[in-house]
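The values are calculated or read from the model by the stated rules, or taken from the named source; none is laboratory data. All of these numbers come straight from a predicted model, not from anything done at the bench. Every residue, glycine among them, receives a Cβ derived from its backbone with ideal geometry; neighbour counts consider all protein chains shown. To get the accessible areas, we keep the full protein, side chains included, count just its heavy atoms, and leave off ligands, DNA and RNA. Shrake-Rupley method; radii C 1.70, N 1.55, O 1.52, S 1.80 Å.
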Amino acid sequence: MSASQGQQKAWGGVFREPTDKRVEAFSESVSFDRRLADDDIDGSIAHARMLAACGLMTVPEADAISQTLEEIRRQIADGQFEFTAAKEDIHLHIEAALTARLGDAGRKLHTARSRNDQVATDLRLYCRRAIDRLDQGLLALQQAFLGFALREQGLIIPGYTHMRRAQPVLAAHQLLAWCEKFQRDRDRLADCRKRTNVLPLGSGALAGTTLPIDRDHVKDALGFAAVAANSLDGASDRDFVCELAFVIALAGVHCSQWAEEWVLYSTQEFGFLLLPEGFCTGSSIMPQKINPDVLELVRGKSARSIGNLQSLLVLLKGLPTAYNRDLQEDKEAIFDSIDTLEAVLGVAAPLVAGSSFDHDRIAATIDRGHLDATSLMEALIASGVPQRTAHELVGTFVRRAMTRGVSLAELADQEFLQDYAGWNAALRSALGASRAVERMVSFGSTAPSQVADQIAAWQRRLMKEPGAAARA
Ligand code: ARG
């Protein structure tokens with residue numbers, strides 16, 4: 001092994017033997033961290049400008065570095081850049097390309113910087129951009145649900161618990177329930193963005209630097225809200241990655257729950273929902289099939305995000321203070337989580353926008369399952385009957401209706417009077433799905449006035465606002 005071979009590596013000086021090819025293949029990350037290129041270049045330009053401001057390089061050197069990095073950025077974007085496992089990762093690739101063009105000026109860029117604080121910075125920039133895109137994707141999905149709720153105002157559907165008919169609800173109420181969940185996901189994104197938006201650069205490898213740098217200069221240039229206050233933690237903290245992975249996993253779970261519900265609602269058996277055909281696929285053997293594969297994949301893909309979260313937590317659990325190479329394994333997991341949710345959101349919003357309820361099918365079966373039993377029980381309570389007594393009485397009425405195969409409303413007054421002498425017309429007016437809905441009064445309930453208020457509130461919130469995370 002000659003000295004020149006050792007010099008080919010950015011860290012080769014001390015080595016007497018070349019890196020084993022198998023080790024190069026094993027340890028490279030450029031095959032996946034090349035997607036940090038833009039963030040790496042942004043970070044390097046800010047770093048070079050700071051070095052010039054602090055007298056650690058000249059302004060013309062910083063200018064030349066910035067200009068050349070922009071050329072490299074374009075080359076990478078155009079697919080004109082050559083990647084090789086021998087150069088390990090995206091950071092060394094870009095630095096090598098810079099040095100090849102600029103010579104000594106390029107060799108100054110890594111002043112007061114380590115790849116440890118560099119990769120931490122790049123990943124924070126990457127995740128920050130991803131958070132803002134995901135927020136917009138979730139906003140679009142909320143808007144699709146809100147749009148659907150607006151189209152379906154007035155429609156009553158059966159509400160289920162335990163997948164058994166429970167109480168009638170407005171379809172709009174059920175659709176807005178998804179807006180609530182996705183709003184919490186967006187709030188969590190905005191919250192996790194705060195801890196992502198902290199600058200590690202300047203932490204050095206672990207201890208900081210003896211050189212007179214200005215970390216605030218870099219912080220301001222890159223739009224970070226704060227500077228990491230402990231260099232050991234700054235260079236190795238990946239909590240923000242885990243947080244984002246969790247937020248994505250939970251949003252994925254919400255998407256999965258929604259997909260599961262809609263797979264059911266669009267079956268022939270339920271017949272509630274009509275899915276847009278462009279978002280269904282067919283069978284290669286059964287000519288009649290129109291399958292909800294998109295919803296099934298939305299449901300299925302949540303598994304990956306849950307797995308990625310698990311991988312990240314396990315990755316971190318055994319690490320002592322400061323950077324360990326294990327941390328390189330964080331990227332594929334978080335990239336996959338981000339890609340997966342973006343892909344899901346990309347199809348979910350248009351699928352919702354193109355769907356409709358089958359009003360005739362729903363109306364034909366809305367009186368099945370005694371959805372109005374609770375409404376009747378509460379009418380009895382309002383007239384002074386203790387809840388447990390009212391519950392038992394209505395149970396008796398329901399049993400009678402079940403035995404005769406009719407709805408509660410179809411029972412004759414005589415059949416109620418048999419068990420309850422106080423039966424009257426006012427109690428009868430609690431029966432029927434639409435009356436049960438209209439009689440609701442509590443805040444947040446499926447009462448038409450409540451749902452109208454909620455629709456108006458979501459309209460104000462979603463139609464005007466930019467993404468919550470984008471504001472933070
Ligand atoms: N590719 C590495 C990573 O993703 C960059 C940091 C390498 N640092 C080191 N000391 N080897 O973690």
Check the range 152-173 and report whether any residue there is under 30 Å from GLN328 (Cα atoms), away from the ligand (no atom under 16 Å from the Cβ) and open to solvent by 10 Å² or more (accessible area, probe 1.4 Å). no
Sort out which residues of the range 192-201 are away from the ligand (no atom under 16 Å from the Cβ) and open to solvent by less than 60 Å² (accessible area, probe 1.4 Å), and write them in order of number. CYS192, ARG193, THR196, ASN197, VAL198, LEU199
Would you confirm, using the coordinates I've provided, whether ARG368 is part of a helix (DSSP H, G or I), farther than 30 Å from LEU232 by Cβ and not aliphatic (A, V, I, L, M)? no
Hey, which of the helices (runs of 4 or more DSSP H) in the range 413-460, taking only ones fully inside, have at least 2 residues that are modelled with pLDDT of 95 or more and more than 22 Å from GLY159 (Cβ to Cβ)? 413-417, 425-428
Can you report the number of residues in the range 226-258 which are buried (at least 19 other Cβ atoms within 10 Å of the Cβ), farther than 12 Å from ARG188 by Cβ and aliphatic (A, V, I, L, M)? 3
Examine the range 322-336 for a residue that is away from the ligand (no atom under 16 Å from the Cβ) and touching a residue at least 12 places away in the same chain (Cβ under 8 Å), and state whether such a residue exists. no
Out of the range 110-124, which residues are open to solvent by 20 Å² or more (accessible area, probe 1.4 Å) and near the ligand (Cβ under 8 Å from one of its atoms)? ARG115, ASN116
Among the helices (runs of 4 or more DSSP H) lying completely within the range 227-324, list those that include at least 2 residues that are within 30 Å of ALA364 (Cα to Cα). 239-265, 293-317
Picking from ALA226, ALA221, which residue would you name as being touching a strand residue (DSSP E or B) at 6+ places or on another chain (Cβ under 6 Å), away from the ligand (no atom under 16 Å from the Cβ) and hydrophobic (A, V, I, L, M, F, W, C)? ALA226
The range 68-101 - residue that is in a loop (DSSP other than H, G, I, E, B) and surrounded by 19 or more Cβ atoms within 10 Å (Cβ to Cβ) and, of those, nearest to the ligand (Cβ to nearest atom): ASP89
Which of the residues belonging to the range 38-67 are touching a Lys or Arg at 6+ places or on another chain (Cβ under 7 Å), under 21 Å from GLU88 (Cα atoms) and crowded, with 18+ Cβ neighbours inside 10 Å? ILE41
Residues VAL23, VAL30: which one is aliphatic (A, V, I, L, M), within 16 Å of the ligand (Cβ to nearest atom) and surrounded by fewer than 17 Cβ atoms within 10 Å (Cβ to Cβ)? VAL23
Within the range 294-320, track down each residue that is of a type in the set (D, E, K, R) and touching a helix residue (DSSP H, G or I) at 6+ places or on another chain (Cβ under 9 Å). GLU296, ARG299, LYS301, ARG304
Can you tell me which residue among PRO158, PRO212 is in a loop (DSSP other than H, G, I, E, B) and either of a type outside the set (A, V, I, L, M) or modelled with pLDDT of 95 or more (or both)? PRO212
Checked LEU309, LEU315, LEU341, LEU297 against criteria (within 16 Å of the ligand (Cβ to nearest atom) and modelled with pLDDT of 95 or more); the one match is LEU315
Open to solvent by 20 Å² or more (accessible area, probe 1.4 Å), away from the ligand (no atom under 16 Å from the Cβ), closer than 24 Å to ARG238 by Cα and modelled with pLDDT of 95 or more: does that describe ARG133? yes
Report every pair of residues separated by at least 6 positions or lying on different chains whose Cβ atoms are under 7 Å apart, first residue within the range 173-190 and free of Cβ contacts under 8 Å to residues at least 40 places away in the same chain, second β-branched (Val, Ile, Thr). GLN174/ILE157
Considering only the range 353-403, how many residues are over 21 Å from ALA421 (Cβ atoms) and aliphatic (A, V, I, L, M)? 7
Determine, yes or no, whether VAL347 is part of a loop (DSSP other than H, G, I, E, B) and modelled with pLDDT of 95 or more. no
